[in-house]
Amino acid sequence: MPASPSTARVINDRLALRLLQREGPLTAGQLKQLTGLSRPTVADLVERLTASGLIEVAGETGEQRRGPNARLYGIVADRAHLAALDVRTEGVSVLVSDLVGRVLAEASVPIGGDTGTGTAVERAVALVEQAAEEAGADPLHTLCIGAPGLIDPASGHLRDSSGLPEWHRRLVDALQERFPDARAHIENETNLAALAEQREGCARDRDTFVLLWLGHGIGAAVVLDGALRRGASGGTGEIGFLPVPGTDGLPSATGCEGGFHSLAGSAAITALAGEHGLTSPTRQRTDEPVAAELVRRAVEAVRPAPADRPPHAPADRLPHAVPADPLPDAFEASDTFDASDGPAGRVAAGRLPDAADRFLDALADRLVLGAASVVAVLDPGCVVLGGEVGRAGGDELALRVARRLRRMAPLPTQVRPSALGGGAVLRGALLTARESAQDELFGSGEREAGDLPGAAQRRMRVAR
């Protein structure tokens, strides 16, 4: 049954808005080419969307041709303002953006473990107020909050957990009270990191993968066939509770000590570095956990950066924009492990300080326990080493884990280092807030990519 004229207009408008969202400003001619619609239909929708305040003239093409230049149409960026939050046990970071995702303000505040619940909530809310005021974002349309812990799939609320501060749960209600007209969403931090890596990071070409979050804590996010999997109770990816060899005991229902967390959490990695004589008496950077700094320094000792490239530029800070660089090299777990490539030979050649090499090997021995477990159960084809530690380890740590995974798991699997590091949580929160706001303003119910015409289908294939 053919669509009615009004339904067809809604579909065409939504298609054009999605293309402007993903491609940036376009001319009417470019919209015609990408959508496959006729020239009169495109002219009609441009006029309709301009009158509704959703798009505006954003410039001209500047092409050298006879007659006037073609107008470029873009989404009205200040139609809505968004806030993204990264809530951690030790503090809060926030950024405020416009509707197209351009960051207008960002800020952070530390919150110590001895801070009272009321004071912590007040500091976090004041931080959002400060950023919104700096950005001129009054009112906020949508907030997305990334936090550790389980999100109840029925209520959408952060579930009670003995391992999380009370102020985490109270913060959402406090923000909703302060910004009553804003739509507030809360999501697990690791899930948001996976979304960011899939959209703009190292998993841009993957519909199925698992992200291992390696930061202050341990977690995993599971993306299968383009969809994030949360599980019956919202607990998919609680890999810190995974029983593994090499710990002093077993985890319990109320604590992950004795599980994978005891081997791969930030404190465990710091202790492991100390066992190999690696310490960090003077912090070089304050935007990464101590464990990440130790891993980064070990990698630099093992494989010094070229003289013309600064070692490990801090791209995992709050991102204004993610560079569109090529995907990083992926190491296949099917690579053979060559004993002649072991530390002894390389140290003899003067390439590797022995302590750093042994530390990275020991860390890879630990990380592969978690990686092999998810590979055996889910067969994701790709494991991303995420978080600050994953990014600090880079290709060097990913290669060591991939070689060990080849010996432990029979399924071919790539191991990739994070491209976004700790900044992935904020980036994922921003992407989620932007998508939610645009769905409401543009109209929900986007057609599947397979229903779109030609070139538009290729450009709109974004894993969801």
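Pairs linking a residue in region 40-62 that is under 11 Å from residue 28 (Cα atoms) to a residue that is charged (D, E, K, R) and open to solvent by less than 60 Å² (accessible area, probe 1.4 Å), with Cβ atoms under 6 Å and 6 or more positions apart or on different chains, are 45/13. Confirm whether residue 365 is without any contact (Cβ under 8 Å) to a residue 40 or more places away in the chain, of a type outside the set (Val, Ile, Thr) and under 19 Å from residue 218 (Cα atoms). So residue 365 fits the description; yes. Of the residues that make up region 82-89, is at least one open to solvent by less than 30 Å² (accessible area, probe 1.4 Å), part of a helix (DSSP H, G or I) and within 22 Å of residue 184 (Cβ to Cβ)? Among the residues of region 82-89, not one is open to solvent by less than 30 Å² (accessible area, probe 1.4 Å), part of a helix (DSSP H, G or I) and within 22 Å of residue 184 (Cβ to Cβ), which makes the answer no. Just give me the residues in region 377-403 being basic (Lys, Arg) and open to solvent by 20 Å² or more (accessible area, probe 1.4 Å), in sequence order. Matches in region 377-403: 391, 403. For region 83-102, give me each residue that is touching a residue at least 24 places away in the same chain (Cβ under 8 Å) and either under 16 Å from the mean Cα position of the chain (by Cα) or within 14 Å of residue 127 (Cα to Cα) (or both). Selection gives 83, 84, 85, 86, 87, 88, 92, 93, 94, 95, 96, 101. Within region 172-187, the residues that satisfy the criterion of being open to solvent by less than 70 Å² (accessible area, probe 1.4 Å) and part of a loop (DSSP other than H, G, I, E, B) are 179, 182. The residue pairs whose first member lies in region 171-183 and is of a type in the set (A, V, I, L, M, F, W, C), whose second member is part of a helix (DSSP H, G or I), and whose beta carbons are closer than 7 Å, counting only pairs six or more residues apart or on different chains, are 171/121; 171/124; 174/121; 174/125; 175/125; 175/128.
In region 433-444, the residues that are small (Gly, Ala, Ser) form Cβ pairs under 6 Å with partners that are surrounded by fewer than 22 Cβ atoms within 10 Å (Cβ to Cβ) and at pLDDT below 90, at six or more places apart or across chains, as follows: 443/14. Among residues of region 127-150 that are more than 16 Å from residue 176 (Cα to Cα), those with a beta-carbon under 8 Å from a residue that is assigned to a loop (DSSP other than H, G, I, E, B) and among the acidic types (Asp, Glu) at least six positions away or on a different chain give the pairs 150/238. When residue 140 is tested against the conditions (1) over 18 Å from the mean Cα position of the chain (by Cα); (2) closer than 28 Å to residue 241 by Cβ; (3) assigned to a loop (DSSP other than H, G, I, E, B), the lone failure is (2). Report whether or not residue 96 is in a helix (DSSP H, G or I), at pLDDT 95 or above, surrounded by 22 or more Cβ atoms within 10 Å (Cβ to Cβ) and not basic (Lys, Arg). The answer is no for residue 96. Farther than 27 Å from residue 439 by Cα, touching a helix residue (DSSP H, G or I) at 6+ places or on another chain (Cβ under 8 Å) and open to solvent by less than 20 Å² (accessible area, probe 1.4 Å) - does that describe any residue in region 152-171? Scanning region 152-171 turns up at least one residue that is farther than 27 Å from residue 439 by Cα, touching a helix residue (DSSP H, G or I) at 6+ places or on another chain (Cβ under 8 Å) and open to solvent by less than 20 Å² (accessible area, probe 1.4 Å).
Within region 67-76, is there a residue that is surrounded by fewer than 18 Cβ atoms within 10 Å (Cβ to Cβ), part of a helix (DSSP H, G or I) and without any contact (Cβ under 8 Å) to a residue 12 or more places away in the chain? No, region 67-76 has no match at all.
Has region 109-128 got any residue that is within 19 Å of residue 438 (Cα to Cα), assigned to a strand (DSSP E or B) and open to solvent by 60 Å² or more (accessible area, probe 1.4 Å)? So that I can check it myself, show each step before the final result.
Step one: of region 109-128, the residues within 19 Å of residue 438 (Cα to Cα) are none.
Taking every residue of region 109-128 in turn, none turns out to be within 19 Å of residue 438 (Cα to Cα), assigned to a strand (DSSP E or B) and open to solvent by 60 Å² or more (accessible area, probe 1.4 Å).
Within region 16-55, being out of contact with any strand residue (DSSP E or B) (no Cβ under 8 Å at 6 or more places or on another chain), in a helix (DSSP H, G or I), over 12 Å from residue 73 (Cα atoms) and open to solvent by 10 Å² or more (accessible area, probe 1.4 Å) holds for 22, 32, 33, 39, 40, 41, 44, 48, 51.
Helices (runs of 4 or more DSSP H) wholly in region 356-464 with at least 2 residues that are in contact with a helix residue (DSSP H, G or I) (Cβ under 8 Å, 6 or more places away or on another chain) and at pLDDT 95 or above - which ones?
Numbers: elements: 387-408, 424-442, 454-459.
Passing ranges, in order: 387-408, 424-442.
The values are calculated or read from the model by the stated rules, or taken from the named source; none is laboratory data. Everything quoted here is computed from the prediction, not taken from an experiment. In this analysis, Cβ positions are derived from the backbone assuming ideal geometry, glycine residues included, and neighbour counts consider all displayed protein chains. Heads up: the accessible areas ignore ligands, DNA and RNA and are worked out on the full protein's heavy atoms, side chains in. Shrake-Rupley method; radii C 1.70, N 1.55, O 1.52, S 1.80 Å.
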